[in-house]
2 protein chains.
Amino acid sequence: MMTISMRSKTLAKATSAYSAGLSYIDPKTVLTELQIFNGQADGLQCRTLEIFDSFDFAHRVWRESNHMLEIWFWNPDKDGILRRSDRIADTIPGISRFQQVVLHQGRIERFFLDSIKEHSDITVERGVLPTTFEFDEAKAADFEDYPITVTLRTLSEEEATPAQRQQHHRRADGTQSVINDGLFRSNLAADDTDDLIRVAKANNNASSVETVKAKFMVGCDGAHSWVRRQLGFKLEGDSTDYIWGVLDIVPITDFPDIRHRCAIHSANAGSVMVIPRENKLVRLYIQLQVTEHAQSGGKADRSWITPEVILQSAQRIMHPYKINYTYCDWWTAYQIGQRVGDHFSLRERVFLAGDAVHTHSPKAGQGMNVSMQDSIIIVAKEGDSVEQGDGTEVAANLQRRVVSKTHLATKIDIGKRMPSFKVLNQSDARPWHLQELLKSNGRWRIIVFPGQLTQPQNMQRIQKLGDQLGSQDSFIRQYTPSDQLIDSLIEVLTVHAGPRTGVELLDLPEAFHPFDEEMGWDYWKVFVDDQSYHEGYGQAYFNYGIDPIHGAAVIVRPDQYVSWVGEVDDYEDMARFFSGFMRVQDSSKPKSRVVKL
Amino acid sequence: MMTISMRSKTLAKATSAYSAGLSYIDPKTVLTELQIFNGQADGLQCRTLEIFDSFDFAHRVWRESNHMLEIWFWNPDKDGILRRSDRIADTIPGISRFQQVVLHQGRIERFFLDSIKEHSDITVERGVLPTTFEFDEAKAADFEDYPITVTLRTLSEEEATPAQRQQHHRRADGTQSVINDGLFRSNLAADDTDDLIRVAKANNNASSVETVKAKFMVGCDGAHSWVRRQLGFKLEGDSTDYIWGVLDIVPITDFPDIRHRCAIHSANAGSVMVIPRENKLVRLYIQLQVTEHAQSGGKADRSWITPEVILQSAQRIMHPYKINYTYCDWWTAYQIGQRVGDHFSLRERVFLAGDAVHTHSPKAGQGMNVSMQDSIIIVAKEGDSVEQGDGTEVAANLQRRVVSKTHLATKIDIGKRMPSFKVLNQSDARPWHLQELLKSNGRWRIIVFPGQLTQPQNMQRIQKLGDQLGSQDSFIRQYTPSDQLIDSLIEVLTVHAGPRTGVELLDLPEAFHPFDEEMGWDYWKVFVDDQSYHEGYGQAYFNYGIDPIHGAAVIVRPDQYVSWVGEVDDYEDMARFFSGFMRVQDSSKPKSRVVKL
């Protein structure tokens, strides 16, 4: 597995690298130049934070970021005067345990790097450029073969450092300050990939050239994607004539909603979007009404764009409120281009992800969030890739073979992520958000909702399921390699409908709380939908639309997406579902163990 | 400021060191041997977590620790058979945003060390022993003078390493394992301080001897405190004849409540306390019915105490349930001694803290928790110590000079910590627990609760208070050094009674949201008691017992303890309160700035 990325789009690569490690695809090389600049993507949507939490670092983002709670809309009144017209919640209440936050992309890259270092032996290399690409069609059919050959060249420090990082800027009071200029890598700048490659080839300082053969490759190398060009794929779509400026400043203003996300539409001076950030900063996206400067070919002449010009536009739009700054952290300008690739992969061997295959208006926050999810929907493979194909194929198999009984869990949607509500650990009464139990460690999960276990028929059904899952020839034992633990491929979690004190863990079959000779019983797999002492009542059955008298069972992919809903004792359907893409291992009994949450 | 500590009690020292830095007392040397062993203190009460949060690392403890939610009581029934008799919440619901948790003391020391490193330039030295102490009474009256002289000797690596760390142990299956033996530093072991000092003096390898002169000194050097001995102080109290064994094990058991905190009292085999811990461990405190082994002098012969003996006691007590283990992380044994010092300080120059001045039964969790709080109630000084004395004196001043109007906030108790409920930031609607705004950064706070600002008289009162606080001769300006920011000594926070959208921040006087020429308005000092989008409604006015029509004001010490409650516009009382211990600075105007939460 190899990941090619360029300096202008770094995050998706790290994500891919990480996913690669977790999906057990032999990771060869990850290429990236992970210098942490200012600016770039910053908005993180609630689902992105859920994914970060599955990698165990959402809490770092949550603490450091600015949280956005409310969006205010400003529009001109009948006299053309700017007024508040409406406000809405930034994140729909109840949709997630996280809300939209804003944090400098560099910090997020840091958290990915720390996590990669902690959980894998993947090396993230910087300042390495691909110079040639070959694909051997003859080898593409055999997934054990290596059809990809890429030559890599390591840049010298000097080559790898962008030419323009800082610019002197005149402050309002006439003094000079140095600020970071983002224009050199905005989409108003020319593609310099070929220049970089040519210089690197010519440069005797280039420290090394190497040839990599790979089974798979991911190109997440930005809108100018070199990988996409090698494949001959195209981005399709259009770009507008509007040019937008971006300022990251500590604002000095009497505009009352400067710490809210705002959409400000002036009568005739254009629009501003306000994105309050961490460290007292605010990002302003400012429409520049200067399309006459644009070149006829579409790409704008950028020489006239300065922070002063952008600020003056903001001042016109936000009138009669005043806005100024002393400190500017970063600025840039761009033209909106919304495009999507004509192909996403070559023979399911070479994949494109992120801006390499779709570009967005930055203000919608789709760039970084969608790109990271591109790289994870890859992690949804399990076991041997030859037999499985990717997640899409699994879903197709599912539809062919097993029909879900969606009426049993009316608020759980097949193909969407498993919603999260608080449940209590049966053994110690601690509340957990259900998603906290679904870490990205490559496991499929069967979540059994057996209903109220005080109902004799429910206890009988779960006894029967437990006997089947725990039997020597159960599908879990068939698919789990003999040298791995019984829960390493498919983990069985239980959420019963309470009351907590009416059930004894050890009355449930061992399949629901495996025993290990050294570690004893597993106390971290059975949960209950009940009132907590300090954190309320998650009402999981109600919120999942599951009848506590009848129950349900759910199969969840390793990336938290729901694959199947059925009856508690639909053992045959569960077995049929997994048979669509799993490979039978040898018959040795896998080892059980306790998994600490 | 110097802190003397011994190897057996390390945590309180680190706390003291930290406090010292924050209270601006010139820190000279912190002595400690911070080797992180297994075992020792582990239970953290909710107030301790609140203190950790004021130092910004409670989240690390919260993530890594085991949370204890419920206590189960087991007693013999009329036939002598062990039965569940009752259960209660481990932490009283509503008392704190944290609950009792359990985490290895070594991790907590690590968090303190990381925090000290991040926030100060204090050096924590290890393996350093005091060998002589002198106190010059003539210098004690002048707080600018240095009455304390201590000679320090740095131990060699060999000297500083405890003689006995590990012990071979026979497993149930007959194989051998190595486990950590805590007996060498239990209170059943002899005091070896003098031996260590003698050896260090005689040892030519001792790398250095130094003499330190200090204004203040804290001795938190454990129950055998060398500092206490130099002062001639005594611990008073008694010890029981009972010997308790402690095992940290991964239990293999059919006892159903092994992941709950349990108090198990058998009919006639003694008692066990179960404390579930992190990493699948459980700590068992096990009563050993073997006092005949005790020596006549009170201290027990310890040679017969082994993990097997302790386990066998547990098995007798927990019958008919079975308990065993393969993995033992640590074990020890102790006699309960509950004692308190006859004096706590020498001329308020040399202080004792932690076990040096009070010892407890470990099962009550008072050792580490109370000791850390000893070291913080020291941080409650502000400004110049000459004029202030310690926190006790401040309280005495308070009682002499200013009478609180406690009926204005019926659920806020003078002398207790400020309770915490969620309030929203006026400027961005983000919910915060009020205590999160009260970080341990040395500041006093005036928290103004002006009530509903839609009531004209409330707006008038807060306007009046704002004019007084913001005036050139206000007490805040008088006491704040001219080179420091206006909020660096006394910070003014506001919590109005809502509705949030009925109030504009900039309609409030500048004293409540100071302006800075570079950083603009301060958006992080005005809050509102209102409904949040995602985290409920804190109902702060209701929970503090403050009438939203009338309001109140509260003065909170730097350690979150409440000093005064009065009217919103009791400016004169506030001024009189601070005049009791603050010193007027020169008349230059302090700088304002924005404080990011």
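The values are calculated or read from the model by the stated rules, or taken from the named source; none is laboratory data. Remember, predicted model here, so these are calculated numbers, not experimental data. Positions of Cβ are backbone-derived with ideal geometry, glycine not excepted, and every protein chain shown enters the neighbour counts. Note: accessible area is taken over every heavy atom of the protein model, side chains too, but ligands, DNA and RNA are not part of it. Shrake-Rupley method; radii C 1.70, N 1.55, O 1.52, S 1.80 Å.
Structure values in brief
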| quantity | calculated |
| --- | --- |
| Surface accessible to a 1.4 Å probe, per residue, for the residues of the range B:460-597, Å² | 37 |
| Interface A:B - total buried accessible surface [probe 1.4 Å, Å², rounded to 100] | 4700 |
| Interface residues, the range A:82-96 - accessible area loss of 20 Å² or more versus chain alone, probe 1.4 Å | A:Arg84, A:Arg87, A:Ala89, A:Pro93 |
| Percent accessible area from carbon and sulfur atoms, the range B:103-144, protein chains only, probe 1.4 Å | 44 |
| Qualifying GluC sites (Glu not before Pro) for the range A:534-579 [loop in DSSP, other Cβ within 10 Å: at most 10] | none |
| Angstrom value of the Kirkwood radius, inverse mean 1/r, which spans all Cα pairs in the range A:32-147 | 18.2 |
| Nearest-0.05 FRET efficiency for A:Arg110 and B:Lys213, computed from C-beta distance (R0 56 Å) | 0.80 |
| Per-pair calculated FRET efficiency, R0 = 60 Å: A:His119 and B:Asp413 via Cβ, rounded to 0.05 | 0.80 |
| Square roots of 5 times each gyration tensor eigenvalue, C-alpha, the range A:465-564, largest first, Å | 25, 17, 13 |
| Whole-Å distance, taken between Cα centres, linking the range A:411-451 and the range A:479-522 | 14 |
| Within-11-Å neighbourhood charge of B:Gly566 [Cβ basis; K, R +1; D, E -1] | -3 |
| Net charge, A:Leu103 excluded, C-beta distance under 12 Å - Lys, Arg +1, Asp, Glu -1 | +2 |
| Theoretical gain in end-to-end length, A:His319 to A:Asn441 [0.36 nm per residue, Cα-Cα removed] | 38.7 nm |
| Rounded Å value of the spacing that divides the Cα centres of the range B:308-331 and the range B:231-268 | 13 |
| The range B:53-119: trypsin sites (Lys or Arg not before Pro) in DSSP coil with no more than 14 other Cβ atoms inside 10 Å | B:Lys78 |
| Subset of B:Lys139/B:Lys234; B:Lys280/B:Lys422; A:Lys322/B:Lys525 violating a 27 Å alpha-carbon distance limit | B:Lys280/B:Lys422 |
| For A:Ala553, residues with placed amide H under 5 Å, excluding near neighbours | A:Phe449, A:Gly566, A:Glu567, A:Val568 |
| Heavy-atom SASA rank of B:Arg316, B:Arg349 (probe 1.4 Å, accessible area, largest first) | B:Arg316, B:Arg349 |
| Drop in accessible area of at least 40 Å² in the complex versus isolated chain, residues of the range B:426-445, 1.4 Å probe | B:Ser427, B:Asp428, B:Arg430 |
| Burial of 30 Å² or greater, the range B:508-531 residues [accessible area, probe 1.4 Å, versus chain by itself] | B:Glu518, B:Met519, B:Tyr523, B:Trp524 |
| Positive minus negative residues near B:Ile546 (Lys, Arg vs Asp, Glu; Cβ under 13 Å) | -1 |
